[in-house]
1. Could you tell me whether segment 509-565 comes out rounded, prolate or oblate from its Cα gyration tensor? Rule is a ≥ b ≥ c as square roots of the eigenvalues, rounded for a/c under 1.5, then prolate if a/b exceeds b/c, otherwise oblate.
2. Taking 7 Å along the Cα-to-C-beta vector as the label spot, tell me the S199-E446 distance in nanometres, rounded to one decimal.
3. Search the structure for amide H atoms under 5 Å from the amide H of L443, placed 1.01 Å from N in the peptide plane, and list their residues when 5 or more places away or on another chain.
4. Calculate the length of the line joining the C-alpha centroid of segment 40-66 to that of segment 380-403, in whole Å.
5. Mind ranking 371-384, 227-240, 250-263, 451-464 by how tightly packed they are, going by the mean number of other C-beta atoms within 10 angstrom, highest first?
6. Within segment 329-358, whose backbone N sits under 14 Å from a point 7 Å along Cα→Cβ of H366?
7. Return the sequence-ordered ³J(HN,Hα) values of segment 385-402 in whole Hz as given by the Karplus equation 6.51 cos²θ - 1.76 cosθ + 1.60 applied to θ = phi - 60°, using x for Gly and Pro.
8. So, in nm, how far is label E291 from label A427 when the simple model puts each one 7 Å beyond its Cα toward the Cβ?
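The values are calculated or read from the model by the stated rules, or taken from the named source; none is laboratory data. All figures in this text were calculated on a predicted structure; none of them were measured in a lab. Neighbour counts are summed over all protein chains in view; Cβ atoms, including those assigned to glycine, are modelled from backbone coordinates with ideal geometry. With ligands, DNA and RNA removed, areas are computed over all heavy atoms of the protein, side chains included. Shrake-Rupley method; radii C 1.70, N 1.55, O 1.52, S 1.80 Å.
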Amino acid sequence: MGNRLVLWIFLSALLFFLTMEATTIDPYKVLGVERNASQREIQKAFHKLSLQYHPDKNKNKGAQAKFSEINNAYDILSDEEKRKNYDTYGDEKGSPGFGAGSPGDHGGYTYFTNGGPGKNQFTYGPSDWQSMGGQGGSKSFSFSFGGPSGPSSFGFGMDDIFSNLFGGKPGGGGQFGGFSGSTGSRPGSQPGSRSSPVSISAISSQVYKKEIVDQGMTWLLLSYTPSLKGHQHVESIIKEVASSLQGALKIGSINCETEPSLCKDLGIYPRRMPRVFVYSYKVSERGSLVEYDGDWAAKPLKMFCQDHLPRFSKRVDLKHFESSTFTVHKLPSVMLLSTKKDTPVIWRVLSGLHHNHFLFYDAEVHEVSDPTVKKLGVDALPAIVGWLSNGEKHVLKAGITIKDMKSAINELSALLEGFEKKSKKAASSQAKKSPTGEKQIPLLTESNFDALCGEKTPVCIIGAFRSSKERKKLESILNTLSQKSLSRQQNSADGRDSISYTLLDASKKASFLNAFDKAGFKLLDKVLVAYKPRRGTFAAFEGEMTTEEVEGFIGSVLNGDIRFTKTRQKPVLK
């Protein structure tokens, strides 16, 4: 009699379970796609429906339940293994989990779980299964089977009955639109994952102002209150994205219950669900919060973050490149040469971290044999070329190899910091040679020739000297005149000075002057040459070098009152 009762109870439970399975909502019908639909079709259908029924946008009764239904369907069909199991057995492998809870607690779904030594239980909790993160609110009934763990008193293991229905061992956790269950795990958190663990920083008002605002680093931020269901799920997605972009962004969470004023000031207070923002530099140099409103999945969120990484690097065409692009600035310049069609993520991150210290550029190149690449002195790609604030060129690194984004950003940041120190040292050295506050007159070299006397410069004033005494005299005069508002000094279309000033060491670069004079002005200790690169003409001043006389000469040059002569050849520095 006892065995019959147990058998009757078991068969009743099994019949009840099969009935529930028969009424399980078909995920294909939920998303409105065919059974042979591609992943792209499934993703498009999910995106359209999730936007339509998102609780923050759809306030109609039943929208939240429908939204949960859509997410559940997508979770099954977007995972090839779950989809295969569903197509084969009518279930995707176990039941979807809903946030925190004890192992086996699936928020009201029908499931079978091994309850430990001597206990196997069949449980169904019918109440409010749609609630994300819900737990403890479902009424359930269970049937216990005595006997040792594993096999029941019927002489067979209960796993054998349910394994085909669930596609695996009973009690297996699933995911709901990315909301991980208590027994589930997400990519990036798997044992043996290559990515190191990431943690979410708690953000307070002080931390936000000190570490986030206009610091150049992109942040992925979660705003929530502990009472909101689903924030653990969002955290898991954020961690996965941060793990794949380590070094490129940081992540943080703002508890609006403990930081209400910060959430109010920023306008990020959560409503019915947690909210996710990116502190972005996409629009301007000043950072701003941009809310994410896409699918709750790692891939689209990662793409959103990448799109909002800093954009401080200017893309240049190396085919039309001239060093005049880097006309002498107060800040040093750096340019990345790579085979990438777009600015690489690493370079965008570096441009954000160091945008207050450098002018960033990048260019697409294909081969080291390219003449424009050779001209820059680069022998391997990718490479970084830098220009000091005085226009002097340096190849910072060529043939760059990286292990991962985080280490690469750290190593290249150290490289840039070292170059910045070198630039400051060069500027300081020049400052010591000249009166305080005066604009520095650069020494003409092969690396800065295009910047100072290239074809984009209408008039180049070159002060050639053969002794340190004459150099100081010329430098003082040109310093004074370079700060005066002479006519045409800033009338070029791009706002660049239409006249540039430079010095030339004639004792070391004597051949350069041969382009203007057959003898190279060898009989003179100093000479002033006004050179027009575009026309290939020049005029020389050999008179008394006083500020007044030189100013008169330059004024005549700019006003067209002096005759120019064709150069003997194009001047080249060697």
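1. Judged from the Cα gyration tensor, segment 509-565 comes out oblate (a/c at least 1.5, b/c at or above a/b).
2. Between S199 and E446, the label points sit 5.3 nm apart.
3. Here L503 satisfy the definition.
4. Each part's Cα centre sits 49 Å from the other's.
5. 451-464, 227-240, 250-263, 371-384
6. Zone members listed by number: 339-341.
7. Couplings: 10, x, 10, 5, 5, 8, x, 6, 8, 9, 8, 6, 6, 10, x, 5, 10, 10 Hz.
8. About 4.2 nm separates the two model spin labels.
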